[in-house]
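Working notes, beginning with the structure itself.
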Amino acid sequence: MGCLEALKPEIILSQASFKDAREYIKKNVREYHEVEPGYKIHDVHIIGVAPLYVGVEGEDLIFPYTKPCHGTFVVKVAGHEEIARLRARKK
Amino acid sequence: MTEKTALILLGCPQVPVQTSMALYLMHGLKEHGIRPVIAGTVAARKLMEVADPGRHYLEEMADLDDMIDEITGKRRDFDLCFVFIHNDSGVAYAGTMAYISQARLYALLFGEHAEDLAKEIEFPCEVVAAKAVHNPMPLKRKLDEVMQWAVSKR
């Protein structure tokens, strides 16, 4: 399994609840897509209770990342091919 | 006949009763012929290893993220799944299991805020909640009631 640190994330929100992370993305990111729990971005699975959102901002992805001991973070990482994959599943 | 299996998902081991209750649950499952598999954080797994050096209860243990990867990839699943929850992250992991796994799901809530966390659970599962931090007995009593039901329904 991959590790988020390898993606050099920018931390936007830290040690929040998964609901706070959901609301943050919905309110602050213009383009966001609903994904299912367990959806994989690069090598990281998104953990949480549906609905879960992944935002797109320029060339970056913004998504919730849950750590068992430290709550949920909202992070921004380079999107690369993941953005096209995310947009393609919307239809 | 295929052997029945149960996944026991361990989160942050900050609250003392988790390791004790996980070992107790493994004992109960094995008594009923169900093979338990542990998935958890490194610290949670180390606590289990040290508590059961003779491997009387522990058989297979896996990294939490690796197990999520196996299940989402449909390479593996279980008959039963017990998720230990004492914080918001625990609820998030249980919600994920409810979506990705076909297992009958049990949310075991403990710690200071067990009742409040139980109100956050809005996905299909059996909720077992008790305010247990250092003393496992309140959670054990509730788990005993559910275990009878769990093994008969499997």
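Is region B:77-154 best put as rounded, prolate or oblate by its Cα gyration tensor, with a ≥ b ≥ c the root eigenvalues, rounded for a/c under 1.5, and otherwise prolate when a/b is larger than b/c, oblate when not? Oblate, because a/c is 1.5 or more while a/b does not exceed b/c. Projected onto their three principal axes, the Cα atoms of chain B cover extents of 39, 36, 31 Å, largest first. The loop-placed GluC sites (Glu not before Pro) in region B:1-59, going by DSSP, that have at most 14 neighbouring Cβ atoms within 10 Å of their Cβ come out as B:E3, B:E59. Checking Cβ-Cβ separations below 4.7 Å across chain B identifies B:C81, B:C125 as cysteines lacking any candidate disulfide partner.
Taking the number of Cβ atoms within 10 Å of each Cβ as an exposure proxy, the fewest-first ranking of A:S14, B:S89, B:S20 is A:S14, B:S20, B:S89. Taking every DSSP beta bridge that has both ends in the protein assembly as shown, the antiparallel portion is near 45%. Computed over chain A, the per-residue total of -39500 (n - 2.57) for DSSP H runs of n ≥ 4 gives a 222 nm mean residue ellipticity of -6000 deg cm²/dmol, rounded to 500. Phi angles across region B:115-122 convert, under the Karplus curve 6.51 cos²θ - 1.76 cosθ + 1.60 with θ = phi - 60°, into 3J(HN,Hα) values of 5, 5, 5, 4, 5, 7, 7, 10 Hz, Gly and Pro given as x.
Look at B:D88, A:D43 and count the other Cβ atoms within 10 Å of each Cβ; fewest to most, that gives A:D43, B:D88. All other residues with a Cβ under 13 Å from the Cβ of B:P13 taken together, and with Lys, Arg as +1 and Asp, Glu as -1, what is their net charge? After counting each charged neighbour, the total is +1.
Mind running the shape call on region A:4-70? Use the C-alpha gyration tensor, a ≥ b ≥ c as the square roots of the eigenvalues: rounded below 1.5 for a/c, prolate if a/b tops b/c, oblate otherwise. The shape class here is rounded. With a 10 Å cut-off between alpha carbons and a GNM built on chain A, which of A:A21, A:A50, A:A78 moves the most? Answer for the Gaussian network model of chain A: A:A50. Net charge in the neighbourhood of B:Q102 (other residues with Cβ under 9 Å of its Cβ; Lys, Arg +1, Asp, Glu -1) is -1.
B:D63 sits among other residues whose Cβ lies under 14 Å from its own Cβ, and their net charge, with Lys and Arg +1 and Asp and Glu -1, is -3. In plain terms, if you count all Cα to Cα distances in the protein assembly as shown and split them into 5 Å steps from zero, the share in each step is 1, 6, 14, 18, 19, 15, 11, 7, 5, 2, 0, 0 percent.
Laboratory data are not the source of any read-out in this text; all were calculated from the coordinates shown. Just so it is clear, the structure is predicted and the values come from calculations on it, not from any experiment. Note that each Cβ is placed from the backbone with ideal geometry, even for glycine, and that neighbours are counted across all protein chains shown.
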